[in-house]
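K.L.:
Handing you a structure now.
The values are calculated or read from the model by the stated rules, or taken from the named source; none is laboratory data. None of the values given here were measured: they were computed from a predicted structure. Cβ placement follows ideal geometry from the backbone for every residue including glycine, while neighbour counts extend to all protein chains displayed. For accessibility, only protein heavy atoms count, side chains too; no ligands or nucleic acids. Shrake-Rupley method; radii C 1.70, N 1.55, O 1.52, S 1.80 Å.
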Amino acid sequence: MIGSITYISICVLLMVIAMIMTFKSKRYAVAVAYAALCIAGLIAPSEIQMTPLLFWGVALVIVLVIDMLLPADIAKSRQGLGYIGGGAIVGMFVGLLLHSVVLCIVVGALLGTIAYAKTPEGKPLEFPSSKFLSYLCAKGFPVVIAICIIGVSISWLLPDFLPENP
């Protein structure tokens, strides 16, 4: 019992760190979220297979490669991340309730980006335009992947806290 509590504590700590890093536009936020997913996979029910871990691992590599290819000023930019990340997190919690985590996170991040584009700071994105789409891909994609990985980790851990069906 102590072992699983330790794993859950480490997993939750890594998820919190990944969320903070996501809002600060840190390159390795997705890697920290993936570490939490791997730990959640260790303590999750036995029906969890390797396929989700492989899928999110490939997504992690794609995000890291894209982030390394971005110009430094775009990669370090934090403009609009509060809106994008906030929308994604709200989408994650809605998705946990509706059992469609990934879809709700994508919709939440898209709505967050649109909300940012409507603010005075986001006016240069000229929603809808190619600038907006480029910004969404550059900043929204890593946020979506990080929050999706966190959402999947939470969905794997939730059965440990829910009461058994009678």
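K.L.:
Sequence gap at least 6, Cα distance under 8 Å: using those rules, report the relative contact order of the chain to the nearest whole percent. Before the final figure, lay out the partial values.
P.N.:
Numbers: 210 pairs, mean separation 46.2, N = 166.
Value for the chain: 28 percent.
K.L.:
Can you bin segment 1-42 into rounded, prolate or oblate? Criterion: square roots of the alpha carbon gyration tensor eigenvalues sorted a ≥ b ≥ c, rounded for a/c under 1.5, prolate for a/b above b/c, oblate for the rest. Mind dumping the intermediate values first?
P.N.:
Details: a/c = 4.72, a/b = 2.27, b/c = 2.08.
Since a/c reaches 1.5 and a/b is larger than b/c, the shape of segment 1-42 is classed as prolate.
K.L.:
Residues of the chain: accessible area per residue at 1.4 Å, in Å²? Present the calculation step by step, with values, prior to reporting the outcome.
P.N.:
On the way: 9250 Å² over 166 residues.
Ligands and nucleic acids excluded, the figure is 56 Å² per residue.
K.L.:
Let me ask something else. Tally up the carbon and sulfur contribution to the accessible surface of the chain as a whole percent, 1.4 Å probe, everything protein left in place.
P.N.:
On the chain, the fraction of accessible area on carbon and sulfur atoms equals 73 percent.
K.L.:
Okay, moving on. Hull surface divided by four, with the convex hull built on the Cα atoms of the chain: how many nm²?
P.N.:
Computed as one quarter of the Cα hull surface, the answer is 10.2 nm².
K.L.:
Does anyone have the angle between helix 81-98 and the longest principal axis of the chain? Alpha-carbon axes, 0 to 90°, nearest 10?
P.N.:
The two axes meet at around 40 degrees.
K.L.:
Give me D for segment 64-159 in µm² s⁻¹, whole number, from Stokes-Einstein with Rh from the Kirkwood sum over alpha-carbon pairs, 4 °C and 1.567 mPa s. Can you show the working numbers first?
P.N.:
Details: Rh = 13.6 Å.
Calculated translational D: 95 µm²/s.
K.L.:
Could you order the peptides 14-25, 102-113 from most to least packed, using the average number of other C-beta atoms within 10 Å per residue?
P.N.:
Order by mean packing, descending: 102-113, 14-25.
K.L.:
Separation between the Lys131 and Met68 pseudo-spin-labels, each 7 Å from Cα along Cα→Cβ, expressed in nm?
P.N.:
3.1 nm
K.L.:
Hey, can you rank 53-59, 34-40 by average C-beta count inside 10 Å, highest first?
P.N.:
Most protected by this proxy first, the peptides run 34-40, 53-59.
K.L.:
Further question: Compute the acute angle (0 to 90°) between the alpha-carbon long axis of helix 2-23 and the principal axis of greatest extent of the alpha-carbon atoms of the chain; round to the nearest 10°.
P.N.:
Value to nearest ten degrees: 0.
K.L.:
Something else: What is the sum of charges around Lys26, taking Lys and Arg as +1, Asp and Glu as -1, for the other residues whose C-beta is under 15 Å from the C-beta of Lys26?
P.N.:
It works out to a net charge of +4.
K.L.:
At a Förster radius of 22 Å, what calculated FRET efficiency corresponds to the Cβ-Cβ distance of Val94 and Lys118, to the nearest 0.05?
P.N.:
Efficiency computed from Cβ-Cβ geometry: 0.55.
K.L.:
Based on the inverse mean of 1/r over its pairs of different Cα atoms, what is the Kirkwood hydrodynamic radius of segment 1-73, in Å?
P.N.:
Working: mean 1/r = 0.0753 Å⁻¹.
Answer for segment 1-73: a Kirkwood hydrodynamic radius of 13.3 Å.
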